[in-house]
1. Check Leu45 against each of (1) modelled with pLDDT of 80 or more; (2) open to solvent by less than 30 Å² (accessible area, probe 1.4 Å); (3) not polar (S, T, N, Q) and name the one condition it does not meet.
2. Tell me whether the stretch 69-83 contains one or more residues that are in a strand (DSSP E or B), buried (at least 20 other Cβ atoms within 10 Å of the Cβ) and modelled with pLDDT of 90 or more.
3. Suppose we filter Arg130, Arg203, Arg207 for residues that are at pLDDT 85 or above, within 23 Å of Ser68 (Cβ to Cβ) and touching a strand residue (DSSP E or B) at 6+ places or on another chain (Cβ under 9 Å); which single one remains?
4. For the stretch 167-183, indicate whether the set of residues that are open to solvent by less than 50 Å² (accessible area, probe 1.4 Å), at pLDDT 85 or above and not in a strand (DSSP E or B) is non-empty.
5. Being in contact (Cβ under 8 Å) with a residue 60 or more places away in the chain and farther than 19 Å from Ile170 by Cβ, is that true of even one residue in the stretch 101-108?
6. Please work out which residue is farthest from Trp122 (Cα to Cα), limiting yourself to the stretch 33-56 and to residues that are in a helix (DSSP H, G or I) and without any contact (Cβ under 8 Å) to a residue 12 or more places away in the chain.
Amino acid sequence: LGELQLEQLNVELRHRLKNTFAVIAGLVSQSARYSPDVQSFASALSGRLAAMGIAMDLVATRSFLGASLNDLVVDTLKPLVPPGASRVTIQGADGIVPGDVANALALTLHELGTNAIKYGAWSQEKGPVRISWTFDRLNDDESVFELVWDEKGGPPVSEPERRGLGSLLIDSGFPSAKVERTFSVDGVVCRITAVVKQTTTRRTRGRRTLQSI
């Protein structure tokens, strides 16, 4: 049984490495295309690769079965959240999301956080971001997953006139998901809805802030 499990892990590892290198190649190409200079290219690419690395590490610690959603959100945003009280709050039932979802979500959260720093709530001294999600089970293996990113207290925002790579990653980077973004004087709201495979869900609801991280 031990040898069989090891072989299965090796097969999964080879599959994930192949997919990861394909995603990295795409990020390098697209980041170069949308960057005005080498410094911008290096900065954007390093942040996106770091977000991918966080997702990969969380998935690997669970023998490639998936990543804790709560840990994924916290660890991805940790380098981005500005200092101060209650700059971000997360709320939702923790659950295990598969590796492809974890990777896409980490990139999406990274882009949303980067935009908040540049243009949104985190560009101001006290603007908060609230991230909440729900899982509604469809059957034994699948759930409808909905995550909402809600910014307040930033400058008035409007829909960008042109779509950069960050917008493309937010709007199209999550597999088989419906992504809706609204721009108003109150701030950006991004709603992501998808059907995900979910083998394990902890039904306890939690609330965490990153103000002390």
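The values are calculated or read from the model by the stated rules, or taken from the named source; none is laboratory data. Since we're looking at a predicted model, the values are computed, not measured. Using ideal geometry, Cβ is built from the backbone for each residue, glycine included, and neighbour counts are taken over all protein chains shown. Areas reflect the complete protein model, heavy atoms only, side chains present, ligands, DNA and RNA absent. Shrake-Rupley method; radii C 1.70, N 1.55, O 1.52, S 1.80 Å.
1. (1)
2. To start, the set of residues in the stretch 69-83 that are in a strand (DSSP E or B) comprises none.
Looking for residues that are in a strand (DSSP E or B), buried (at least 20 other Cβ atoms within 10 Å of the Cβ) and modelled with pLDDT of 90 or more, one finds none in the stretch 69-83, hence no.
3. Numbers: Arg203 fails: at pLDDT 85 or above; Arg207 fails: at pLDDT 85 or above.
Only one candidate passes the filter, namely Arg130.
4. no
5. Within the stretch 101-108, the subset in contact (Cβ under 8 Å) with a residue 60 or more places away in the chain is 101, 103-105, 107-108.
Of the ones still in play, those that are also farther than 19 Å from Ile170 by Cβ are none.
No, the conditions are met nowhere in the stretch 101-108.
6. Step one: of the stretch 33-56, the residues in a helix (DSSP H, G or I) are 33-34, 38-56.
Right, trim to without any contact (Cβ under 8 Å) to a residue 12 or more places away in the chain and you get 38-43, 46, 53.
Values: Val38: 25, Gln39: 23, Ser40: 20, Phe41: 22, Ala42: 22, Ser43: 19, Ser46: 20, Gly53: 24 Å.
Filtering the stretch 33-56 for residues that are in a helix (DSSP H, G or I) and without any contact (Cβ under 8 Å) to a residue 12 or more places away in the chain, the one farthest from Trp122 (Cα to Cα) comes out as Val38.
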